[in-house]
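Take a look at the structure below.
The values are calculated or read from the model by the stated rules, or taken from the named source; none is laboratory data. All values derive from a computational prediction rather than experimental measurement. Cβ placement follows ideal geometry from the backbone for every residue including glycine, while neighbour counts extend to all protein chains displayed. Accessible surface is based on the protein model in full, side chains and every heavy atom, while ligands, DNA and RNA are left aside. Shrake-Rupley method; radii C 1.70, N 1.55, O 1.52, S 1.80 Å.
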Amino acid sequence: AWYVPCLASLETLQELCRKENLRCKSIGITNRSLKSYEVEYLCDYKVEEGKEYYLVKWKGWPESSNTWEPQKHLNCPTLLQNFLSDKNEYLSRVREGKALKVRNHVKALKPAIADYVVKKAKQRIALQRWKEELNRKKNHKAMILVENTVDLEGPPLDFYYINEYKPAPGINVLNGITTGCECADCPAEKCCPKEAGFILAYNKRKKLKIQPGLPIYECNSYCRCGPDCPNRIVQKGTPYSLCIFRTNNGRGWGVKTLQKIKTNSFVMEYVGEVITSEEAEKRGQLYDNQGNTYLFDLDYDSDEFTVDAARYGNVSHFVNHSCDPNLQVFNVFIDNLDLRLPRIALFSTRTIKAGEELTFDYQMKGSIDLTSDSADGLSPSKKRIRTVCKCGAVCCRGYLN
């Protein structure tokens, strides 16, 4: 079978596809781009003999095929607007926020400006592809958006989106469920929560009604009830469209909601690779040196297992800490009743406005103990470097651990 090394650049892949007459939609090689020219982005600008020219990167063609084209030949108003916006953004930053005076007699862009414009264009394309990848892999209806208006950071290089726990070898996260409730209309006397010795976690409006620390038992795949059962909430995935965005205060990526979220509503699950606590301690030492770790102790009944979302996770991987959070952690049991392996669900503690960042306290009961060298990192509750908190809350404790 024909293949190329996975470390090849996008331009190299495009050129190889052309030489072999291969199509690959994910890198922009289609029947249309093989036979025609489409502007991917604009790289530079100059004026010659009174005419304006733009250096064009053609979609599906390597950068060696870039050509200067007069503006009248370009039918790409959005790309032209992006080019001008990126140029002005660079100039504004260089002038440290001073009033920008755009000079109309500029004959050519300085190399530093052109370089920035190209980097922004490549970032925009990379983030768009990442957004499309996330939405292909998610298993819920709500959309995931990606936004970076702060710097040139692109998608994380070593992160893989998953929808549920990824068990390490030897760990079974589906343990022993063979029966379910016989309710025709949940909840009933013998519904799943009551069989486990607890009350139903949700009210008639499908909002959480139990206190933090109590477990949630949802109906499972063996239950007689259907998908509209009021005791099936977490298993349906997040119902809200969310945006992974770049924060402007050094906290890396964050997550904000694009819709209003009412109090006590399910927002998302925290998922990752399930490993033993011994393995978590080994990784924690390594992650501390790297400045990144996302280790979540599953300590509802014991501390035998940990969830590591450093490489494998969902949107929750990017949720930041706050000493005054709007999300709370709950342990959930659905198709697995092993008390050592609860699913971790995040519910709203108050009404959250559209556009507001989602956060939770890494030290809250049943939650995470952050003791890494990174503002985004999570690790087991061991003695590690104290990390300064950047949440900005009035009640900020000053440190994450």
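Only one of (1) out of contact with any helix residue (DSSP H, G or I) (no Cβ under 6 Å at 6 or more places or on another chain); (2) under 25 Å from Leu298 (Cβ atoms) is not met by Arg251, so which one is it?
(2)
Within the range 206-219, track down each residue that is at pLDDT 95 or above and either over 22 Å from Tyr300 (Cβ atoms) or open to solvent by less than 60 Å² (accessible area, probe 1.4 Å) (or both).
Those that are at pLDDT 95 or above and either over 22 Å from Tyr300 (Cβ atoms) or open to solvent by less than 60 Å² (accessible area, probe 1.4 Å) (or both): Lys207, Leu208, Ile210, Pro215, Ile216, Tyr217, Glu218, Cys219.
May I ask you to verify whether Thr149 is open to solvent by 30 Å² or more (accessible area, probe 1.4 Å), among the β-branched types (Val, Ile, Thr), in the same structural domain as Ser277 (by the TED database) and touching a Lys or Arg at 6+ places or on another chain (Cβ under 9 Å)?
yes
Within the range 335-354, can you find the residues that are closer than 26 Å to Tyr160 by Cβ and either among the basic types (Lys, Arg) or surrounded by fewer than 21 Cβ atoms within 10 Å (Cβ to Cβ) (or both)?
Within the range 335-354, Asp335, Asn336, Asp338, Arg340, Arg343 meet the criteria.
Yes or no: the range 178-194 includes at least one residue that is touching a helix residue (DSSP H, G or I) at 6+ places or on another chain (Cβ under 9 Å), assigned by the TED database to the domain that holds Thr276, within 30 Å of Leu358 (Cα to Cα) and hydrophobic (A, V, I, L, M, F, W, C).
no
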